[in-house]
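Values quoted throughout were computed directly from the atomic coordinates according to the rules given, and no laboratory measurement underlies them. Predicted, not measured: the structure shown is a model, and the values here were computed from it. Positions of Cβ are backbone-derived with ideal geometry, glycine not excepted, and every protein chain shown enters the neighbour counts.
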Amino acid sequence: RGKEKWPRGDEKTWKDAMRGVHSELPEVTKSIVNHVQTSLARAPYNLDDLGAYQAAALSVRDNLIVNWNSTQLHYTRKAPKRAYYLSLEFLMGRTLSNALLNLGLQPTYSTSLSNLGFALEDVLVQERDAALGNGGLGRLAACYLDSSATQELPLWGYGLRYKYGIFQQLINEHDGSQLEAPDPWLEHQNPWELPRLDVTYEIRFYGSADRWGDGSGRAVWSGGQEVLAVAYDVMIPGYGTKNTNNLRLWESKPKRGFDLQSFNAGDYERAVETSNSAAAITSVLYPNDHTVFGKELRLKQQYFWTAASLADMMRRFKNLEKPISEFAEYNAIQLNDTHPTMAIVELMRILVDEEEVPWDQAWTIVTNTFFFTNHTVLPEALEKWPVPLMTHLLPRHMQLIFDINMLFLQSVEKQFPGDRERLARMSLIEEGFPQSIRMANLAVIGSKKVNGVAELHSDLVKRNLFPDFVEFYGQSKFANVTNGITPRRWLDQCNPALSELITTTLNLPREVWLKDLFKLEGLLKHVDDAKFQQRWAAVKRQNKERLSNFVEKTLGITVDADAMFDVQVKRLHEYKRQTLNILGVIHRYTTLKSMTPAERKKVVKKAVFFAGKAAPGYYIAKLTIRLIVNVARVINEDPDTKDYLTLFFLPDYSVSLAELLIPASDISQHISTAGTEASGTSNMKFCLNGGLLVGTVDGANIEIAEEVGEDNVFFFGHLTPDVEPLRYQHTYHPIPVEEKSPALAAVLNTVSSGIFGADGIYEPLLNTVRQGDFYILTDDFDSYIKALEMVDEAYADRTEWIKKSIRTSAKMGKFSSDRAIQDYAQEYWNIESTKLVEE
Ligand code: OAK
């Protein structure tokens with residue numbers, strides 16, 4: 001560090017704090033310095049940004065723990081009905097900035113850190129993302145935790161404490177392909193969790209189940225292997241309240257350090273193996289999104305987590321000393337997709353086998369406790385577990401599933417006598433070799449209500465996924481809760497400049513509009529105010545520069561912040577059609593190439609950004625990444641066009657990267673084949689930050705357009721009812737691409753020609769379009785290109801564009817996750833807010 005002065009910051013502040021000469025110093029400064037000295041055992045002389053982060057985090061954590069403790073005590077004393085959100089994924093991102101915002105301590109920490117020689121923004125980025133999720137489903141769970149605490153609802157999350165989160169994505173410099181590296185996120189200590197080494201449960205696998213044989217349906221399950229579940233609690237602060245909720249994550253451990261019996265018998269290897277296999281359960285998050293592989297370890301994860309969570313709830317319920325028949329009056333359990341469906345069977349097991357509740361009464365309790373959300377209609381995501389695997393791993397649960405199924409089918413038979421095909425369709429067991437268990441059917445029949453995540457999606461759930469169940473139970477069991485996002489993280493934290501502008505324009509404290517997002521409508525009356533328009537545009541410009549600086553630092557390429565920023569960020573999947581986007585980019589590139597320099601000067605400059613991970617085994621998705629990266633290499637080097645079009649694939653998409661990208665977008669793309677994207681939530685985030693939307697008539701895009709007006713959304717493409725007939729046509733009466741869309745055919749040929757990489761490496765990807773074209777790119781391409789032309793035209797009129805941007809943001813009230821969580825609380829769980837008050 002040469003001549004730089006040490007310690008950083010104000011020497012007297014450091015010295016006084018360390019010597020205990022405290023009187024004049026702010027509490028926060030004392031606390032940070034104290035953590036540097038004691039918890040970190042470090043001196044100020046070599047403290048770097050990471051050390052400052054750790055000390056600040058530990059100091060903030062002290063505040064959280066106090067609130068968390070009081071909240072939990074408050075819940076225990078008041079004993080309200082509680083809700084539990086069971087999710088295999090919680091995509092939390094960073095915590096320090098969120099905790100500072102929610103506690104209202106941002107300015108204080110900023111000042112104290114600055115006196116100690118650190119800039120808050122440099123300190124915040126030292127934190128590693130908690131990335132215990134794949135995509136939309138996991139991030140939604142995180143937003144709902146934020147909203148439940150903010151709304152002072154007694155809700156806990158339950159999940160797994162994976163040792164490795166979602167893999168880190170690297171791009172192979174040589175060929176542009178995706179590489180995966182592990183994400184050992186717990187390597188540095190994690191200040192946001194509280195290990196509860198005393199809260200443990202023994203979870204059984206394998207063994208045998210013996211029925212009592214007395215007609216009661218009861219059985220005894222014994223033997224097999226027992227694994228220990230250990231609780232880690234993550235504190236979830238609410239915004240503008242002291243209420244601090246809990247996210248309990250389970251870690252698996254061998255029950256004893258070693259299997260002593262094998263150890264003593266001289267079989268050291270086997271002894272260590274069982275201990276490995278116990279720890280393996282919570283070792284890694286499965287990196288597949290929307291696809292199931294039927295691996296035994298995944299089923300182990302699901303059971304381990306649901307069994308530990310239910311044992312925990314049961315213990316808490318028993319402390320209330322209420323009759324077991326009242327279980328559902330005190331507990332509501334939300335199933336985040338089918339992953340936690342075994343909880344239904346496990347609660348039956350506890351009630352019937354352990355609590356000796358008669359079968360019918362047990363089933364009534366179960367079906368009043370659970371609620372089920374479906375998050376996709378894609379068939380490859382429908383979980384089905386082989387009967388032989390379930391019989392081996394969870395013999396008692398297999399018996400219970402057969403019993404539940406028999407009684408259920410009897411009631412179907414009663415309502416629809418003699419309809420065998422209906423019985424076969426509705427059965428929990430799918431015939432085949434081997435037979436398998438339909439987890440979605442089990443989730444439906446075991447739950448009080450079933451919901452989709454946007455209006456269109458909820459209709460498709462009823463019409464395409466569960467039509468027989470709608471006929472059987474009636475419409476009222478099936479409903480909709482349109483997804484939402486937390487405006488705290490997705491506006492105030494990621495876009496402080498816009499938040500500030502909104503606060504001054506609305507002339508309301510931000511605490512007010514951040515808790516009642518409909519207040520944003522107040523912006524509408526300023527939409528024609530030229531000064532306001534300028535400020536709005538200046539904020540967007542500033543965010544674009546922030547992104548440009550990041551891109552320059554990470555990729556070494558300069559981005560012109562004058563260009564229109566066009567962003568598509570999400571998991572790579574054929575249904576999301578990143579392929580359509582990259583083929584559109586190539587079309588724009590070849591069009592530019594064919595122009596004269598004078599013509600080019602009239603074209604709207606554009607920078608296109610992609611980011612997103614592909615599942616490690618998803619060949620076509622990985623090939624798409626490779627194409628994007630290699631097209632970027634060609635385009636960004638082309639002297640004819642690089643002033644007008646640049647293309648970037650930003651590696652390792654994450655919550656934190658989203659926080660940088662979203663505020664910088666002018667336009668974002670949500671272009672799934674109609675009827676395939678259940679909702680989408682990043683579409684809401686972009687719009688909230690004043691970005692406009694290019695999209696298909698799909699998922700929540702539709703409801704966004706309803707709010708902001710169709711003239712502020714760039715819709716294109718075929719509608720949901722067209723998709724099936726088109727697929728039929730592709731199969732039985734195919735029309736060659738050349739006829740359907742000459743423009744697309746030309747683009748495909750450009751790729752085949754080898755200018756982005758020879759040897760036909762992209763042919764398998766191109767063939768998904770040329771043959772079969774399941775996601776109807778050939779049918780949508782021309783209207784997609786037209787929509788992008790409309791975007792160019794609209795963007796050229798700067799003032800009109802800014803107005804569209806303001807109007808869009810102003811109408812996002814509906815998409816706050818506060819609205820969504822209140823809907824669940826009132827219409828599903830029947831729980832009430834309970835505010836923590838100081839005593
Ligand atoms: C992941 C695995 C299995 C089933 C569904 C998913 C998933 O992430 N679905 C996504 O959920 C989001 C939250 O509801 C929706 O916004 C996305 O449209 C949906 O694809």
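Some values worked out for this structure:
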| item | result |
| --- | --- |
| Whole-angstrom gap from the range 352-368 to the range 169-191, using each part's C-alpha centre | 46 |
| Debye intensity ratio I(q)/I(0), log10, the range 11-71, q values 0.13, 0.26, 0.28 Å⁻¹ (C-alpha model) | -0.35, -1.08, -1.17 |
| Taking the range 11-71 and dividing mean pair separation by its residue count, relative contact order in percent (alpha carbons under 8 Å, at least six apart) | 27 |
| Chain lengthening between Glu355 and Gln410 when straightened (0.36 nm per residue, less Cα-Cα) | 17.2 nm |
| Förster radius 45 Å - calculated FRET efficiency between Glu380 and Leu555, Cβ distance, rounded to 0.05 | 0.85 |
| Mean Cβ neighbour count within 10 Å, used as a protection proxy, ranking 427-433, 563-569, 625-631 highest first | 625-631, 563-569, 427-433 |
| Rg ratio (alpha-carbon, reference 2.2 N^0.38 Å) - the chain | 0.98 |
| Ranked by how many other beta carbons lie within 10 Å on average, peptides 454-464, 187-197 from highest | 454-464, 187-197 |
| Three principal axis lengths of the range 98-175 [C-alpha, angstrom, descending] | 45, 45, 20 |
| Spatial separation of Cα centroids for the range 710-739 and the range 28-58, in angstrom | 59 |
| Beta bridge orientation in the chain: antiparallel %, DSSP, nearest 5 | 45 |
| For Phe370, residues with placed amide H under 5 Å, excluding near neighbours | Ile333, Lys448 |
| Label-point gap, in nm, between Lys318 and Val199 - each point 7 angstrom along Cα→Cβ | 1.6 |
| Backbone N under 19 Å from the Glu226 label point (7 Å along Cα→Cβ), restricted to the range 391-407 | 393-397 |
| Whole-angstrom gap from the range 741-789 to the range 103-144, using each part's C-alpha centre | 41 |
| Cβ-Cβ FRET estimate between Asp823 and Trp212, R0 fixed at 41 Å, reported to 0.05 | 0.45 |
| For Asp183, residues with placed amide H under 5 Å, excluding near neighbours | Gly165, Gln168 |
| Amide proton proximity set for Leu692, modelled H, under 5 Å, gap of 5+ | Ile667, Ser668 |
| Whole-Hz couplings from phi, Karplus 6.51/-1.76/1.60, listed for the range 59-73; x for Gly and Pro | 5, 5, 4, 4, 5, 4, 4, 4, 5, 4, 4, 5, 5, 5, 5 |
| Modelled FRET efficiency - R0 45 Å, Glu511 with Ile620, Cβ distances, 0.05 increments | 0.45 |
| Stretchable slack from Asp643 to His392, in nm (0.36 nm times residue separation minus alpha-carbon distance) | 84.1 nm |
| Estimated [θ] at 222 nm from DSSP helical runs (n ≥ 4, -39500 (n - 2.57)) normalised by residues in the chain, nearest 500 | -14000 deg cm²/dmol |
| Set Lys255/Lys295; Lys544/Lys803; Lys593/Lys642; Lys622/Lys642 screened for pairs whose C-alpha atoms are more than 21 Å apart | Lys255/Lys295; Lys622/Lys642 |
